[in-house]
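Okay, so here's the structure we're looking at.
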Amino acid sequence: MAARGEFSSRMGFVLAAAGSAVGLGNIWGFPTQVASNGGAAFVLVYIVLAFLLAYPVLMAELIIGRATRSNMVDALGKISGSNIGRATGVWGFVTVSLILSFYALVAGWMLSHFLQTISDMLGQDAISNWLVSSSYTRDILFSGIFLCLTASIVTGGVRQGIELWSVRLMPALFIIIVLLIIYVSTLDGAVEGWKAYLLPNFSLIMEPNLLINAMGQAFFSMSLGVGTMLVYGSYVSKKENLPTLGASVALVDIGVAILAGMLIIPAMYVALHNGVKIFSDSGALIEGPNLIFAVLPSLFETMGTVGIYVAFVFFALMIIAALTSSISMLEVPVAYVVESKGIGRKRAVWFLTLLVFIMSSTIAFNMDSLFGFVIDLTTKYSQPLLGLVLCIFAGWVWKRDQILAELKQGSEQAERSMFWKIWPWYVRFVCPVVIAIMFYRSIVD
């Protein structure tokens with residue numbers, strides 16, 4: 001067990017797991033979902049569904065991980081006693097590697113925009129133009145640099161790599177996002193953004209699209225289904241109370257998502273006040289990469305000299321958010337290769353990083369055909385199906401007495417707790433049905 005590594009503190013685990021959940025999708029996805037789906041009404045539904053849907057699945061991963069003390073492949077093989085479990089683990093291994101391959105490209109764009117702010121400060125216009133102009137060279141170079149940053153952290157293992165940097169990066173993320181919120185709130189147009197974000201439209205609260213969007217955001221924002229939380233759970237001490245730890249991770253993730261909305265939506269309305277287009281032709285708020293790489297840079301340009309420094313801080317925030325997620329994604333295949341194949345950690349990390357870099361480069365050379373395809377394949381199809389299968393393993397395959405025995409490791413009151421009375425039934429019947437509905441709606445929309 002000692003050879004595997006273990007988080008040294010409760011705070012270290014919570015920040016690492018929350019960092020895994022807090023990614024680029026939280027920063028740019030949640031705010032526009034809120035503004036487009038009833039404002040604070042969406043926030044309320046999202047919070048409720050995060051605990052009714054995402055939290056039980058999160059607990060399934062954490063419990064399986066800590067009980068088996070294994071990577072995803074071996075863990076699912078142990079609780080199922082068959083090759084079906086191992087095959088599911090390999091499926092998760094491949095899925096998370098593919099996610100990291102396109103994620104590295106997007107994070108590389110964040111890195112190039114961050115460096116552009118420095119070249120602007122130095123008056124290097126030619127370099128700035130190259131940094132923000134699409135090209136194979138730029139995409140491959142900066143995705144490679146980002147993957148090297150990720151690998152350099154993961155090589156340190158659980159305590160000296162993942163935990164050490166998570167307890168540094170996550171507080172930095174909170175500080176930066178709060179400072180940006182304070183600054184943006186002082187600008188003209190921000191009040192309209194606050195209204196769009198915080199004023200509820202309760203007439204939309206039972207709209208099917210709002211409910212489906214809130215369920216999807218709650219599930220995917222916690223980095224579920226691909227084994228990151230399972231692997232992190234395997235590094236948690238047996239002395240810790242898992243339901244409490246899981247709730248802490250969920251609360252931090254929800255908190256960061258809400259803070260992101262407090263920054264992004266007012267910033268978009270400041271941009272609108274400054275003459276920047278923030279609505280698409282259909283009337284919806286612009287979201288996703290266009291928000292980050294078109295709307296907000298246009299806003300920074302309208303702010304004059306101070307805009308360069310605001311952009312510098314903003315893209316630093318985005319890089320931190322990307323890193324805290326990418327280190328957890330890389331750890332999933334690394335844990336498998338180290339434990340099942342007997343390869344040293346450093347060698348495994350750099351070998352897998354090279355494989356992911358090759359996949360990223362392949363996508364970069366075939367951007368039009370592969371980028372959207374890989375995103376849909378992994379996040380729209382594979383990830384929810386993996387979440388569904390994990391619920392089946394936890395609810396139907398794994399024996400209830402073994403689950404209770406694992407929960408008792410952190411609390412002798414587990415057998416009498418409401419969590420134990422509700423969770424096994426909930427993860428067996430409710431979660432699979434809801435995830436199946438989500439999946440069906442996502443493929444027919």
* Evaluate the following for Val184: is it under 30 Å from Tyr381 (Cβ atoms) and surrounded by 15 or more Cβ atoms within 10 Å (Cβ to Cβ)? => no
* For Ile392, all conditions in the list (1) open to solvent by 10 Å² or more (accessible area, probe 1.4 Å); (2) closer than 18 Å to Phe102 by Cα; (3) in contact (Cβ under 8 Å) with a residue 24 or more places away in the chain hold save one; what is the number of the exception? -> (2)
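Could you please find all residues in the range 205-223 being part of a loop (DSSP other than H, G, I, E, B) and farther than 17 Å from Val256 by Cα?
Step one: list which residues in the range 205-223 are part of a loop (DSSP other than H, G, I, E, B), which gives 205-207, 221-223.
If the condition is that a residue be part of a loop (DSSP other than H, G, I, E, B) and farther than 17 Å from Val256 by Cα, then Ile205, Met206, Glu207 are the ones that fit.
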* Do you know which residues across the range 368-381 are open to solvent by less than 70 Å² (accessible area, probe 1.4 Å), touching a residue at least 12 places away in the same chain (Cβ under 8 Å) and over 10 Å from Leu105 (Cα atoms)? -> Val374, Ile375, Thr378, Thr379, Lys380
* Is it true that some residue in the range 310-317 is under 20 Å from Leu164 (Cα atoms) and out of contact with any Gly (no Cβ under 8 Å at 6 or more places or on another chain)? -> yes
* **Counted residues, the range 31-58 - those being touching a Gly at 6+ places or on another chain (Cβ under 6 Å) and either closer than 25 Å to Pro289 by Cα or open to solvent by 20 Å² or more (accessible area, probe 1.4 Å) (or both)** => 2
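For the range 388-407, check the following and say yes or no: at least one residue is outside any helix (DSSP H, G or I) and more than 28 Å from Phe439 (Cβ to Cβ). Lay out the reasoning, then the answer.
So in the range 388-407, the residues outside any helix (DSSP H, G or I) come out as 398-399.
Narrowing further to those that are more than 28 Å from Phe439 (Cβ to Cβ): none.
There is no residue in the range 388-407 that is outside any helix (DSSP H, G or I) and more than 28 Å from Phe439 (Cβ to Cβ).
Can you find, within the range 269-292, the residue that is least open to solvent (accessible area, probe 1.4 Å) among those that are over 18 Å from Val184 (Cα atoms) and not in a loop (DSSP other than H, G, I, E, B)? Talk me through it step by step, then tell me what you get.
Residues of the range 269-292 over 18 Å from Val184 (Cα atoms): 279-290.
Then keep just the ones that are not in a loop (DSSP other than H, G, I, E, B); that gives 279, 285, 289-290.
Details: Phe279: 71, Leu285: 15, Pro289: 56, Asn290: 101 Å².
Among residues in the range 269-292 that are over 18 Å from Val184 (Cα atoms) and not in a loop (DSSP other than H, G, I, E, B), the one least open to solvent (accessible area, probe 1.4 Å) is Leu285.
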* Structure fact -> Checked pairs for the range 290-307, first without any contact (Cβ under 8 Å) to a residue 60 or more places away in the chain, second part of a helix (DSSP H, G or I) and open to solvent by 50 Å² or more (accessible area, probe 1.4 Å), C-beta under 8 Å and 6 or more apart or across chains, list as Gly307/Glu301
* Structure fact -> Residue set Gly25, Gly12; condition over 14 Å from the mean Cα position of the chain (by Cα) and of a type in the set (Gly, Ala, Ser); output residue Gly12
* Test each condition in (1) modelled with pLDDT under 95; (2) under 24 Å from the mean Cα position of the chain (by Cα) for Met359 and report the one that comes out false. => (1)
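Looking at the structure I just gave you, is Ser101 buried (at least 24 other Cβ atoms within 10 Å of the Cβ) and either more than 29 Å from Ala284 (Cβ to Cβ) or among the small types (Gly, Ala, Ser) (or both)? Walk me through how you get there before you give the answer.
Numbers: buried (at least 24 other Cβ atoms within 10 Å of the Cβ): yes; either more than 29 Å from Ala284 (Cβ to Cβ) or among the small types (Gly, Ala, Ser) (or both): yes.
Spelling it out, Ser101 is indeed buried (at least 24 other Cβ atoms within 10 Å of the Cβ) and either more than 29 Å from Ala284 (Cβ to Cβ) or among the small types (Gly, Ala, Ser) (or both).
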* Taking the range 128-140 only, how many residues are assigned to a helix (DSSP H, G or I), touching a residue at least 12 places away in the same chain (Cβ under 8 Å) and either among the small types (Gly, Ala, Ser) or surrounded by 15 or more Cβ atoms within 10 Å (Cβ to Cβ) (or both)? -> 5
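Are any residues in the range 362-372 under 19 Å from the mean Cα position of the chain (by Cα) and either hydrophobic (A, V, I, L, M, F, W, C) or at pLDDT 95 or above (or both), and if so, which ones?
Step one: list which residues in the range 362-372 are under 19 Å from the mean Cα position of the chain (by Cα), which gives 371-372.
Within the range 362-372, just Phe371 meets the criteria.
The values are calculated or read from the model by the stated rules, or taken from the named source; none is laboratory data. Predicted model, so just to flag it, every value in this text is computed and none were measured. In this analysis, Cβ positions are derived from the backbone assuming ideal geometry, glycine residues included, and neighbour counts consider all displayed protein chains. For the accessible areas, the whole protein counts, side chains as well, though only heavy atoms, and no ligand, DNA or RNA atoms are used. Shrake-Rupley method; radii C 1.70, N 1.55, O 1.52, S 1.80 Å.
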